[in-house]
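The structure appears right after this line, and notes come after that.
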Amino acid sequence: MGLVDILDLSDTYFKSGDYSTALKVIESGIEKAANSKDITLQMQLYIEKLFILLRLHNMSELESVAKILISNVKYIKDNKILAKLYHAYALYLFYTNKTAISIKFLRKALKTVKEINDSQLESEILNSIGKYFEHFNDFQNAIYYYKKSEKSKIFLDDESGLAIVYGNLGRLFYENGNLEEALNYYNLDLKISKHVHDKFGQAIMHNHIGEIYLESHHYAKALAHFKKSFAIGTEMNYELNNGFSLLGIAKINIRNKEYKEAKENIKEAVKIFNEKTKYDGMINSLILMGKILLYENDTTKAEEYFVKAYALASSKNMIYETGISLYELAKFYIKTNQIEKSLDYINKYFQINFNVSNFENTMFKHVITIASLITKADHVTVLIKRENTVEFISIENDREGNERIKRQVISSWDELLNNYMDENTEKIKTILEIKLNTNIRDFILEPIYFTSNIIAFMLAYNTSSDKKFDDPTKDFIGIYNIKLANLVQSVVSFELSKYDPLTRASNRNTLFSDIQEEIFKTLLYQEPFSILMVDIDNFKDINDTFGHQLGDLTLIKVVESIKNSIRDKNKIYRFGGDEFIVMLPSVNVETAQSIANRIIQNIRSIKSVYQLQGINVTASIGITEYNGKDSSKIKNDVEAILRRADQAMYQAKINGKNRVEVVTISD
């Protein structure tokens, strides 16, 4: 069998999901090629081996293969093989925690493949770039690259590749809390996997869909998908998949109080995870066992399982699982009235919590949940200082009953702080009732200090008349806040690196890097993007007439209005005092004008800010488009784009304000 035939055979096994056999075939090819002078063919074999090792999660061999590839770049003259090599090496970097460097090689791969017009390979690289941006919580760019890959797969009629893209899109929406959209994409992946007879893909998707139905409280549907996944996994001898299917079924058992059945399913899952050395599966199994024993009031054994989960996660340096096990331990000690002990684990949890998730909303959700357990309050809200305003962060349920974080800036910081310092309890209660639009029977408002400054408050309140907070609860919340302080400050600092602290629009630093990314995409795909510069009319008069506090709240209201006028893939940035930039990827100037006019109308409809009625707010918007035809250096392009948008906005001011103007390249 020739080396080319070996590559084809390996690819056949790879596409069918038989990665172990594919690896054996490739390794036999590498042995045959050892004496060959065809370096290009040798590198093809090593590229395929790297992709197989990634699928098998065989990290021990990855580094040696990656070194062979990168050391032979200079010998590769074939652009297709070179693009594949850059792509493979980028994935090695990505999956070995060298993520930030991987984008350099992904872009090299994309530029190289564009030169040879290989749509199949290009779509695979686009999918990987989408994963890169997903990792860094850049939702807009992740969507862009996944959608680009999707278009290529549809054009090529590559159903297997399209299924992978849909799986990635499903995960992206799932991680961002949009379960409905995640379910749509997972179902598309499942439909295609069935059509192409990809049992491996079907098994994985049934598990993912089961988890979504579980979170959405559709337990019968969840159980059906977990069972289907298990059946396919059994047919394929895909034991690792079956382990997670069994855990999903066990969660349903626990929900139905079928604790005996749950234990049996977990026991079977643990056998698989032990055999496959799958530590995250083991840790999840231990946590589930701890929950069952807690429900059965066997607190001694429950504690043992939670502690084992924490010990295993920390011994294997698994940061995410360590955080989750600490979180479960903290909740366990609160539920068993060992509040002081729980605070020790909360402290450890907060020390690593910032590394647990890229999503700051997850952190606030955990913070609020623990505070709710400590206080047994009807409602808990974190109040964060945002310049001269207060952001209220709470948990609410959507129409499907799923929990999500709600964030809104609805009050003055000085008003709240001054009344707290004056110990004016009744005034604070009145302020909170107005802002929260509810009747408060009893409440705790405890400050969160960083150094000597109050940076936030923890608010717990009851709306039912028969519930009162006792002094020990108030003391525990005070201690909790001390342990919480560093985390809150870290989250605020992290958000400041990305967002404007007042409006939570993205900041200027993010703007410049994002424009560079849009330029890169335009130069590759000849798709224009547009920029809107939005400037509030007569904003100085609002400040002078009503004060800077109301001016700040007006800015917040305007940003909310702009966000309601644009799609998720579009982005808003605070550019200056009362100036904002709206980025419109893959949008030409004509469509941008329609969007700008919609923004103008929505801003005009603002008739009240804070408690002031009858205020009139308008804005002037300048538009420019970038199509790459006048490209010089990217840095110069960024400056030219913003200069044209500013010129257009200035023209709108001159022509009477409250209007839209356009400046294009030809102007």
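The values are calculated or read from the model by the stated rules, or taken from the named source; none is laboratory data. Nothing here was measured: the structure is a model prediction, and the numbers come from that model. Quick reminder, even Gly has a Cβ in these numbers, built from the backbone with ideal geometry, and neighbours come from all protein chains shown. Heavy atoms of the whole protein, side chains included, go into the accessibility calculation; ligands, DNA and RNA do not. Shrake-Rupley method; radii C 1.70, N 1.55, O 1.52, S 1.80 Å.
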Exercise. If you average 1/r over all unlike Cα pairs in the range 188-239 and invert the result, what Kirkwood radius do you get in angstrom?
Worked result: 10.8
Exercise. Heavy-atom accessible area per residue, the chain, 1.4 Å probe: how many Å²?
Worked result: 46
Exercise. If amide H atoms are built 1.01 Å from N in the plane of the peptide, which residues on other chains or at least 5 residues away come under 5 Å of the amide H of Ser411?
Worked result: Val390
For this session: Using DSSP, restrict attention to beta bridges with both residues in the chain and report what percent are antiparallel, rounded to the nearest 5.
Result: 95
For this session: Could you calculate the contour length gain from Thr299 to Tyr279, that is, 0.36 nm times the residue separation minus the distance between their Cα atoms, to one decimal place in nm?
Result: 4.8 nm
Exercise. So how far apart, in nm, are the two label points at Ser452 and Asn509 if each is 7 Å from Cα heading toward Cβ?
Worked result: 2.8
For this session: Return the sequence-ordered ³J(HN,Hα) values of the range 567-580 in whole Hz as given by the Karplus equation 6.51 cos²θ - 1.76 cosθ + 1.60 applied to θ = phi - 60°, using x for Gly and Pro.
Result: 8, 4, 6, 8, 9, 10, 10, 8, 9, x, x, 10, 10, 10
Exercise. Where in the range 474-503 is the amide nitrogen less than 11 Å from a point lying 7 Å along the Cα-to-Cβ axis of Asn137?
Worked result: 491-499
Exercise. Tell me which aspartates and glutamates have Cα within less than 13 Å of Lys540's Cα, excluding those fewer than 8 residues away on the same chain?
Worked result: Asp552, Asp578, Glu579
Seminar exercise, completed: A chain fully extended from Asp11 to Thr336 at 0.36 nm per residue, minus the present Cα-Cα distance, gains in nm 111.5 nm
Exercise. Excluding ligands and nucleic acids, what accessible area in Å² is computed for Leu247 using a 1.4 Å probe, to the nearest 10?
Worked result: 10
Exercise. What FRET efficiency would be calculated for the residue pair Arg407, Glu27, taking the C-beta separation as r and a Förster radius of 45 Å, to the nearest 0.05?
Worked result: 0.30
For this session: Averaging sequence separations of C-alpha pairs under 8 Å and six or more residues apart, then dividing by the length of the chain, give the relative contact order as a whole percent.
Result: 6
For this session: Quickly work out the Ile319-to-Glu560 label distance, labels modelled 7 Å from Cα along the C-beta direction, and quote it in nm with one decimal.
Result: 3.5
Problem set entry | Computed lengthening from Arg255 to Ile68, 0.36 nm per intervening residue step minus Cα-Cα distance | 62.2 nm
Exercise. Computed FRET efficiency, Cβ-Cβ of Asn58 and Gln549, R0 60 Å: what is it to the nearest 0.05?
Worked result: 0.50
For this session: Determine which aspartates and glutamates satisfy two conditions relative to Lys335: a Cα distance under 20 Å, and not lying fewer than 8 residues away in the same chain.
Result: Glu296, Asp298, Glu303, Glu304, Asp344, Asp378, Asp470, Asp471, Asp475
For this session: Please go through the range 23-94 and write out the trypsin sites (Lys or Arg not before Pro) that DSSP classes as loop and that have at most 15 other C-beta atoms within 10 Å.
Result: Lys37, Lys77
Seminar exercise, completed: Sequence order, the range 442-449: Karplus ³J(HN,Hα) from phi using 6.51 cos²θ - 1.76 cosθ + 1.60, θ = phi - 60°, Hz rounded, Gly and Pro as x, gives 8, 8, 10, 10, 10, x, 10, 9
Exercise. Under the rule of -39500 (n - 2.57) per DSSP H run of 4 or more residues, summed and divided by the residues of the chain, what mean residue ellipticity at 222 nm is obtained, to the nearest 500 deg cm²/dmol?
Worked result: -22000 deg cm²/dmol
For this session: Report, to the nearest whole %, how much of the accessible area of the chain belongs to carbon and sulfur atoms, 1.4 Å probe, protein only.
Result: 47
Exercise. Across the range 453-466, in residue order, what do the Karplus-derived ³J(HN,Hα) couplings come to in whole Hz, using 6.51 cos²θ - 1.76 cosθ + 1.60 with θ = phi - 60° and x for Gly and Pro?
Worked result: 10, 7, 10, 6, 10, 9, 10, 10, 9, 10, 9, 9, 6, 8
Exercise. Too long at a 26 Å Cα-Cα cut-off: which of Lys221/Lys260; Lys32/Lys67; Lys227/Lys301; Lys260/Lys467?
Worked result: Lys227/Lys301; Lys260/Lys467
Exercise. How big is the chain in terms of Cα radius of gyration and Dmax, in angstroms?
Worked result: 27.9, 86
Exercise. Taking a threshold of 26 Å on the Cα-Cα distance, which of the pairs Lys191/Lys365; Lys308/Lys341; Lys80/Lys131 fall above it?
Worked result: Lys191/Lys365
For this session: For Lys406, list long-range residues whose amide hydrogen, built 1.01 Å from N in the peptide plane, is under 5 Å from its own amide hydrogen.
Result: Ser394, Ile395, Glu396
For this session: Return the long-range amide H neighbours of Thr618 (sequence gap of 5 or more, or a different chain), with a cut-off of under 5 Å between placed amide H atoms.
Result: Asp537
For this session: State the Cα centre-to-centre distance between the range 33-111 and the range 275-305 in whole Å.
Result: 40
Exercise. What is the distance, in nm, between label points placed 7 Å from the Cα along the Cα-to-Cβ direction at Val307 and at Ser497?
Worked result: 3.6
Problem set entry | Signed unit charges on C-beta, dipole axis of the range 246-387, positive-most listed residue Thr369, Ala330, Leu246 | Leu246
Exercise. Using 1/(1 + (r/R0)^6) with R0 = 35 angstrom and r between the beta carbons of Ala220 and Lys468, what's the FRET efficiency to the nearest 0.05?
Worked result: 0.30
Problem set entry | Size descriptor, Kirkwood hydrodynamic radius, that averages inverse alpha-carbon separations across the range 391-503, Å | 15.7
Exercise. Which value, in debye to the nearest 20, gives the size of the charge dipole of the range 68-116 about its Cα centre, when Lys and Arg are +1 and Asp and Glu are -1 at the Cβ?
Worked result: 120
